[in-house]
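One structure is given here, and the rest of the page talks about it.
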Amino acid sequence: MKLLVTGGAGYVGSNCSARLVEAGHEVVVVDDLSTGHADAVPEGCRLIQADFADVASTVLGEGFDGVLHFAAKSLVGESMQDPAKYWHGNVVTTLRLLDAMREHGTSRLVFSSTAAVYGEPDDVPIPETAPTRPTNTYGATKLAVDHMITSYAAAHGLAAVSLRYFNVAGAQGRYGERHATETHLIPLVLQVATGQREQIQVFGDDWPTEDGTCIRDYIHVTDLADAHLLAIENATAGKHAIYNLGNGTGFSVLQVIEACREATGHEIPAKVAPRRAGDPAVLVASSERARTELGWKPERADIATIVQDAWAFTQSR
Ligand code: UFG
């Protein structure tokens, strides 16, 4: 298939583009390089440097079989301070994309949704049928896009899949996580091991969990990329399928830090700090639907593997 990847110079977008190319698809990346990196775009992909909202109609006019839409604003804290950036950047621009797809008859869409649409869950693991009550603007904008996609699929026959990521981590060779503003746990812990940071702050040790720190479901970016390939290839006309992507096992902040100590051989000093606003105590996915309907099977669920691959990437840079 000929596929357009928005945000293909970013962490998840570049990993998924590499997987699509490897599977034999033709990939064109649109990225404004505001947070992505031109050298992260895999070989064999054409890069168009632009804000996709400005060029969606022109580019799709070339003729594409599908779009994988990664380009988005994704910092929870920033979304609370500057909501307009998120409503415009995530919702308005995706609406333009959907209209351009309709205009040019582009039939398939895979959208990067998030576990943040669920907010504080009543029960874990979280199935796709759980109530959606986002606790931050980032999650609210992603949920709004999911609603838009549902109605476009029903009314216009779009074949759409939303993938709700839990905590994406790890790396695949040269495709890894490098954000100018880093907020994610694993890369921050690894910055302590490289000496860029003195210690890691643990945001709260009084949560209702076994060791008092928050629990998250870490998913290897390579397993995530496999799910995108399955999703674009199996999307069904007129249907908006929604899948949670996680491993179904949670690790606490302290367990992640310990895994990083083992992977790096560094003592990694940790200091307890106040809770971070908006953090749910426990987020763990039920990905049964992705397994049964998509045939997705994560191959790198082990936290040690996830951390080792992230560390190999960090060291390579
Ligand atoms: N944490 C620390 N110290 C740090 C950074 C993080 O203790 O310096 C803790 C957080 O409080 C949280 C856990 O580590 O308990 C993981 O935090 P991340 O920032 O790595 O990830 P989040 O769980 O906050 O967010 C991720 C994605 C979001 C998505 C969310 C949905 O980054 O985009 O998962 O589950 F919305």
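Just so you know, all these numbers are worked out from the coordinates, no wet-lab data involved. Every value quoted in this text rests on a predicted model; they were computed, and no experiment measured them. In this analysis, Cβ positions are derived from the backbone assuming ideal geometry, glycine residues included, and neighbour counts consider all displayed protein chains.
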#### Entry: Under 14 Å, Cβ to Cβ, from Ala241 - net charge with Lys/Arg +1 and Asp/Glu -1
0
### Qualifying lysines (Cα of each under 19 Å from Cα of Lys239; at least 8 residues distant if same chain)
Lys142
### Message
Quick check on packing: order 215-222, 30-37, 66-73 by the mean number of other C-beta atoms within 10 Å, highest mean leading.
### Response
66-73, 215-222, 30-37
### Query
When the chain is treated as a GNM, springs tying every alpha-carbon pair under 10 Å, which of Gly246, Gly176, Gly278 comes out with the largest mean-square fluctuation?
Gly278
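Given charges of +1 on the Cβ of Lys and Arg and -1 on the Cβ of Asp and Glu, with all other atoms neutral, how large is the dipole of the chain about its Cα centre, in debye to the nearest 20?
On the way: 25 positive and 39 negative charges, 86 e Å.
So the magnitude is around 420 debye.
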### Summary
Quick note, the range 1-76: a/c under 1.5 would make it rounded; otherwise a/b > b/c is prolate and the rest oblate (a ≥ b ≥ c, C-alpha gyration tensor); here it is oblate
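Return the equivalent ellipsoid semi-axes of the range 5-150 as a descending list in whole Å, where each equals the square root of 5 times an eigenvalue of the C-alpha gyration tensor. Write down the numbers at each step before the final one.
Numbers: eigenvalues 136, 53, 51 Å².
Calculated on Cα positions only, the semi-axes equal 26, 16, 16 Å.
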### Message
Quick check on the chain: helices-only [θ] at 222 nm, where DSSP H runs of length 4 and up contribute -39,500 (n - 2.57) each and the sum goes over total residues. Nearest 500, please.
### Response
-11000 deg cm²/dmol
### Message
Below 30 Å, Cα to Cα, which lysines can Lys271 reach? Residues fewer than 8 away in the same chain don't count.
### Response
Lys73
### Task
Kindly express, to the nearest 10 degrees and within the range 0 to 90, the angle between helix 253-264's C-alpha long axis and the longest C-alpha principal axis of the chain.
90
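For the pair Thr236 and Val272, what calculated FRET efficiency results from E = 1/(1 + (r/R0)^6), where r is the Cβ-Cβ distance and R0 = 45 Å, to the nearest 0.05? Intermediate values should be presented prior to the final figure.
Details: r = 48 Å, r/R0 = 1.07.
The formula returns an efficiency of 0.40 here.
Treating only the Cβ atoms of Lys and Arg (+1) and Asp and Glu (-1) as charged, compute the dipole magnitude of the range 199-317 about its Cα centre; round to the nearest 20 debye.
Working: 11 positive and 17 negative charges, 72 e Å.
Dipole of the range 199-317, to the nearest 20 debye: 340 debye.
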### Summary
Note to self: Kirkwood Rh of the range 97-246, Cα pairs, one decimal, Å, is 17.4
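Compute the longest continuous run of the chain that contains no exposed GluC sites (Glu not before Pro); treat a site as exposed when its DSSP state is not H, G, I, E or B and it has at most 15 other Cβ atoms within 10 Å.
Numbers: sites that count: Glu43, Glu62, Glu182, Glu198, Glu210, Glu267, Glu299.
With GluC sites (Glu not before Pro) excluded where exposed in loops, the chain gives 63-181 as its longest stretch.
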### Task
For the chain, take the alpha-carbon Rg, divide it by the Kirkwood Rh, and send me Rg/Rh.
0.95
#### Entry: Dipole of the chain [Lys/Arg +1, Asp/Glu -1 at C-beta], most positive-end residue of Thr129, Thr209, Ser17
Ser17
#### Entry: Selection from Gly250, Val272, Pro298, by position along the positive dipole direction of the range 248-310 (Cβ)
Val272
### Message
Between 0 and 90 degrees, rounded to the nearest ten: what's the tilt of helix 137-156 against the longest Cα principal axis of the chain?
### Response
30
### Summary
A chain fully extended from Asp122 to Arg96 at 0.36 nm per residue, minus the present Cα-Cα distance, gains in nm 5.9 nm
